[in-house]
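To start, the structure itself, in structure tokens.
The values are calculated or read from the model by the stated rules, or taken from the named source; none is laboratory data. Model, not experiment: these values are computed from the prediction. Using ideal geometry, Cβ is built from the backbone for each residue, glycine included, and neighbour counts are taken over all protein chains shown.
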Amino acid sequence: MGALEQAIEEAMKASAKKFLVKQILTGIAKEVGNTTCTVEREDAPTLYEVRLNAIDDDLQSNVTIYPVDGSSVIVAIIEGLKTESVLIKCSEVAQVKIKIGEQTLIMNKDGVIFNGGDNGLAKVDTLTDKINALERDINKLKTAFSTWVTVPSDGGAALKVAAASWFGSVLAITSQAQIEDTKIKH
């Protein structure tokens, strides 16, 4: 190849590099919304409406990762169009949302929420202790009745004596806060 041809080839390569769109970019996540965020880049134009999912639509099954505002992110350019981009990685996660059909799971610093999360998940150990206390109390009453011997014309005095150990103890009222783990809601 001659010197002229080589010079033309180098000039064309240099010119082409100026017009190439980088496919993978880095930046800082800002203004994180439900479906998009803004990505600020050092010494480069800001990317607006960067998708959090590959398709910006009402998806029936997806995983959405919401970056912490100000965290470092990696963005992919879609089909070479600078106006179409999607988040592919982030250094810090604010929230993760998983949706499969009608089932949803949201996890963030406040806890885990299943399907909208009306109530907290029961603390099994505490709930079992409360149920056991009720069962013991009912068993005391059953024992009082099973050991009671009727005495004619005593007006129930023998039953009152037999049941005295049962009705002498008072059960503590259970509050929802005692048996609810508010970090996990369903």
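Reported count of residues in region 102-132, each being farther than 12 Å from Lys183 by Cβ and surrounded by fewer than 13 Cβ atoms within 10 Å (Cβ to Cβ), is 11. Considering region 12-35, and only residues there that are at pLDDT below 95 and within 16 Å of Glu84 (Cα to Cα), the residue that is farthest from the chain's Cα centre (by Cα) turns out to be Leu20.
Looking at Glu135, is it exposed (fewer than 14 other Cβ atoms within 10 Å of the Cβ), modelled with pLDDT of 80 or more and in the same structural domain as Thr64 (by TED's automatic domain parsing)?
No; evaluated as a whole, the condition is false for this residue.
If I filter region 53-101 down to residues being among the polar types (S, T, N, Q) and loosely packed, with under 13 Cβ neighbours inside 10 Å, which single residue comes out as farthest from the chain's Cα centre (by Cα)?
Of all residues in region 53-101, those among the polar types (S, T, N, Q) come to 53, 60-62, 64, 71-72, 83, 85, 91, 95.
Filter once more, keeping what is loosely packed, with under 13 Cβ neighbours inside 10 Å: 60-61, 83.
Details: Gln60: 17, Ser61: 15, Thr83: 30 Å.
Applying the filter and picking the extreme gives Thr83.
Does Asn132 fit the bill of being of a type outside the set (Ser, Thr, Tyr) and under 15 Å from the mean Cα position of the chain (by Cα)? No, not satisfied.
Quick check on region 146-186: of everything there that is β-branched (Val, Ile, Thr) and in contact with a Lys or Arg (Cβ under 8 Å, 6 or more places away or on another chain), which residue is farthest from Val112 (Cα to Cα)? Give the derivation first.
Restricting attention to region 146-186, the residues satisfying the condition of being β-branched (Val, Ile, Thr) are 147, 149-151, 161, 170, 173-174, 179, 182, 184.
Keeping just the survivors that are in contact with a Lys or Arg (Cβ under 8 Å, 6 or more places away or on another chain) gives 174, 179.
Working: Thr174: 24, Ile179: 17 Å.
That would be Thr174.
Anything in region 140-149 that is in contact with a helix residue (DSSP H, G or I) (Cβ under 7 Å, 6 or more places away or on another chain) and either farther than 20 Å from Gly168 by Cβ or without any contact (Cβ under 8 Å) to a residue 24 or more places away in the chain (or both)? List them, or say none. Before the answer, list the steps.
Restricting attention to region 140-149, the residues satisfying the condition of being in contact with a helix residue (DSSP H, G or I) (Cβ under 7 Å, 6 or more places away or on another chain) are 140-141, 144, 147-149.
Correct list: Ala144, Thr147, Trp148, Val149.
For region 145-186, filtered to residues that are outside any strand (DSSP E or B) and hydroxyl-bearing (Ser, Thr, Tyr), the residue that is surrounded by the fewest Cβ atoms within 10 Å (Cβ to Cβ) is Ser153.
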